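Before any comments, here is the structure.
The values are calculated or read from the model by the stated rules, or taken from the named source; none is laboratory data. Remember, predicted model here, so these are calculated numbers, not experimental data. Positions of Cβ are generated from backbone atoms using ideal geometry, with glycine treated the same way; all protein chains shown enter the neighbour counts. All accessible areas refer to the heavy atoms of the entire protein, side chains included, with ligands and DNA or RNA removed. Shrake-Rupley method; radii C 1.70, N 1.55, O 1.52, S 1.80 Å.
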Amino acid sequence: MGSTFYVTTPIYYVNDEPHIGTAYTTVAADVLARYHRSKGEQVFFLTGTDEHGQHVANAAERNAVEPREWADRMVVKFIDVWKRLNISNDHFIRTTSEEHGRVSQDFVQKLYERGDIYLGMYEGWYCVPDESFWLPSQLVDGKCPQCGRDVELIKEENYFFKLSKYQDRLLEHINAHPDFILPEIRRNEVMSFIQQGLADQSISRKTLTWGIPLPFDPGQVLYVWFDALLNYISASGYGLQPELFARLWPANWHLIGKEILRFHAVIWPAMLMAAGLPLPEHVFAHGWLTVEGEKMSKSKGNAISPHVLLDEVSVDAYRYYFMREFSFGTDGNFSRATLRSRYNSELANDLGNLVSRVLAMVDRYRGGLVPAAPVEPGDDALDALDAALLAAAADCPPEVDQRFAALEFNNALQAIWNFVGAANRYVDQSAPWDLNKDPALASRLDAVLYNQVEALRIIGLLILPFMPETAEKMWDQLGQDSDIYQQHLPAAAAWGQMPAGTKVRRGAGLFPRLELEE
Ligand code: MSP
């Protein structure tokens, strides 16, 4: 394994604008990348755009511009929306870049020289929106079995990749690495697909000019999927920067939507085997989002741009909602009602109020200075209430870590919110407002306030990958002058590191309540 944690999203077609479905994968990858950075790891997080192929060429033609100009125009929309969503990708690959073209040509040349590519006749069907080849027997009612749209008949001389040759090795690899394809249901699908027998794969197009020319036959361009999959290695230095490549490859996680699993779990690993390269550690196929119960599509006009939601709620609320509401492996349904109700109950009430209540009490009872805690964790003198809070604080980070290892983003947040709940109960039960009435209880009030602030410090660190702006604000409000990005888990989340005497800086509420519409 390379020494760097390497996570990817699919590269998105530039025929269409980004919507909340495409943003879903990218936000998840960002949260994962940020979590690994917060553990002090080196991270390489890659996203980008898929700019070749018939579908993009058609979109350009409809708009009466050259494909390249079309791509240049559309890519900005992706870059802008990722910026607004606070996506921390380390690199952005465009498949029209010079490097990507060069690497793709070298790669395909290598496979050609190794005898894994041959010239043949392709006769069959092609789905342009999905950019996929289908045999007559695979069509469903004469339509694309994947998306249900019309297919085109193609008969042309194409180059083929000997995919069938890798059938047994693929099965062996999947058997030997049970967590190569996740979730398990997707792994089973791939296994049974391979077991039915793999046909060789057409990897070039003769009738299309918008693509990477084959080095051994410039009259043909590389099939867009072959070129697209190579982004994962062309962006990480394959062939051009060997040291970088050795550090990055193989990728730890390819995050994709379930509809492009076969490309990633069958064709891609076979391509890598043919080139003698190691396979990625995990391919995770997540579910699809519908909007108010319906599939998002251009024709229905119901695709929602992230910008629309970002005009309604903050970027952190957006990120929180998509990671909390859906289980990453299964389909889910977006609705404004659930977005708004989670916002008000979990962000405004549970977290936002907790922060403002605690800081207000430190201000009111101790002039804004965090008192010293009279007892240490583990002391016999520890009150039962305190012990419960400290136990919740100790249990949370390892649970979050386990949830991240399985890409259970929703359960990681659930674990953090269990701790937020414990902190809220602690505030209610320790009742600082009563303690404040009796000067004899001053040292108990000190302890209680310290524990509340310390719980907030740990919560701030744990929410950082999901809600970086909120975590930064909390860090500042807690009077921390250090850089939150230099605090590394798990050590930084161990109890008791808030220095006594820290001056808190109360700020604006983190999540102002949304007025719920009737
Ligand atoms: N260009 C190919 C991918 C090449 S990767 C080497 C492609 N692009 S795409 O623009 O169609 O984006 C597909 C990806 O967007 C899906 O795999 C998925 O990650 C995401 N989604 C698109 N619509 C989605 C939903 N409705 N719901 C969830 N994710 C969706 O395929």
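Sequence-ordered 3J(HN,Hα) estimates for the range 256-273 from the Karplus curve with 6.51, -1.76 and 1.60 and θ = phi - 60° stand at 9, x, 4, 6, 10, 5, 4, 4, 7, 10, 10, 5, 4, x, 5, 4, 5, 4 Hz, glycine and proline given as x. Rounded to the nearest 5, the antiparallel percentage of DSSP beta bridges internal to the chain is 50%. At q = 0.14, 0.19, 0.25 Å⁻¹, what is the log10 ratio I(q)/I(0) for the range 222-293, with the Debye formula run over Cα points and no solvent? Those come out to -0.47, -0.80, -1.23, one per q. Taking 0.36 nm per residue of separation and subtracting the current Cα-Cα distance, fully stretching the chain between residue 485 and residue 121 would add 125.5 nm. Between residue 360 and residue 41, the FRET efficiency from the beta-carbon distance, with R0 = 30 Å, is close to 0.20.
Per residue, the chain reaches -13500 deg cm²/dmol at 222 nm when only DSSP H runs of four or more residues are counted, each adding -39500 (n - 2.57).
Across the range 183-205, the residues whose backbone nitrogen lies under 19 Å from the label position 7 Å along the beta-carbon direction of residue 167 are 188-203. Surface calculation, 1.4 Å probe, protein heavy atoms: residue 503 sits at approximately 110 Å² accessible. In the distance distribution for the range 336-493, Cα-Cα pairs more than 23 Å apart total 38 percent.
Measure nothing fancy, just the Cα-based angle from helix 442-463's long axis to the longest principal axis of the chain, in degrees from 0 to 90, nearest 10. That helix lies at roughly 10 degrees to the long axis. Remark on the range 5-311: Rg and Dmax equal 18.7, 54 Å (Cα only). Across the chain, counting alpha-carbon atoms alone, Rg and Dmax equal 26.4, 91 Å.
Might you report the magnitude of the Cβ-based charge dipole of the chain about its Cα centre, with Lys and Arg at +1 and Asp and Glu at -1, to the nearest 20 debye?
Roughly 300 debye for the chain.
One chain, two ends: residue 63 and residue 379. Fully extended at 0.36 nm per residue, the span grows by 106.6 nm beyond their Cα-Cα distance. Taking label points 7 Å from Cα along the Cα-to-Cβ direction, residue 433 and residue 277 give a separation of 6.2 nm. Considering all different alpha carbon pairs of the range 452-501, the Kirkwood hydrodynamic radius works out to 10.8 Å. Could you tally the net charge around residue 47, taking each other residue with its Cβ under 10 Å from the Cβ of residue 47, Lys/Arg +1 and Asp/Glu -1? Here the count lands on -2. Taking amide H positions as modeled 1.01 Å from N, with prolines and chain starts lacking one, the residues under 5 Å from residue 96 and 5 or more places away or on another chain are 51. Amide H contacts of residue 291: 296, 334, each under 5 Å away and 5 or more positions distant or on a separate chain (H built 1.01 Å from N in the peptide plane; Pro and chain starts excluded).
For the range 492-509, 3J(HN,Hα) computed residue by residue from phi via the Karplus equation (6.51, -1.76, 1.60; θ = phi - 60°) reads 5, 8, 6, 5, x, 9, 6, x, 4, x, 5, 8, 7, 10, 4, x, 5, x Hz, glycine and proline entered as x.
Of the residues 286, 307, 269, the one whose Cα sits farthest toward the positive end of the charge dipole of the chain, with +1 on the Cβ of Lys and Arg and -1 on the Cβ of Asp and Glu, is 307.
Protein heavy-atom accessible surface, 1.4 Å probe, per residue over the chain: 41 Å². Under a no-solvent Debye model with one identical scatterer per Cα of the range 1-150, what's log10 I(q)/I(0) at q = 0.10 Å⁻¹? Here log10 of I(q) over I(0) equals -0.49. Counting only protein heavy atoms and a probe of 1.4 Å, the accessible surface of the range 5-311 is 49% carbon and sulfur. Tell me, how many Å apart are the Cα centres for the range 330-366 and for the range 399-473? Spelled out, the Cα-based centre of one part sits 13 Å from the other. Annotation for residue 195 and residue 308: the two label points, set 7 Å from Cα along the Cα-Cβ direction, are 4.3 nm apart. Rolling a 1.4 angstrom probe over the range 336-493 with all protein chains present gives an accessible area of which 50% lies on carbon and sulfur atoms. Segment residue 83..residue 298, full-extension length gain: 75.0 nm, with 0.36 nm per residue of separation and the alpha-carbon distance subtracted.
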